[in-house]
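One structure is given below, encoded as structure tokens.
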Amino acid sequence: MKLMTLLQAPAGAMGGGMSTLIMIVLMIAIFYFLIIRPQSKQQKKLEAARKAMKPGDKIMTSGGIYGIIREINPENGQVTIEVWEGVKMKVDINQVFALPDNSTNKK
């Protein structure tokens, strides 16, 4: 008789799987709205800024090199920048960031 009492599930344990599922879905939703969504918004903003770049804009590379865009080659994804008078570099377009104080953008 005691064995039957031990094998019986407690009354509160039934239906606990649904509340666990709801908690998991809630955690995924919180993760999406706090991390993934803001990151994708920032990525879209960065892509728009890169598409708006034009020769003459002041930029900074991801390596910290400042320069001025002289030529943009969208076919091969490269930007030619002038870092000093007569010194030009080709840089991958994904490593270039526009500076907020572009004098050409203020006109």
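Quick look at the numbers
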{"quantity": "Loop-located GluC sites (Glu not before Pro) in region 33-92, at most 13 other Cβ atoms within 10 Å (DSSP)", "calculated": "Glu75, Glu85"}
{"quantity": "Nearest-0.05 FRET efficiency for Phe97 and Phe33, computed from C-beta distance (R0 25 Å)", "calculated": "0.40"}
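We did not get these values from a lab; they are worked out from the coordinates using the rules stated. Here the structure is a predicted model, which means the values were calculated and not measured. Note that each Cβ is placed from the backbone with ideal geometry, even for glycine, and that neighbours are counted across all protein chains shown.
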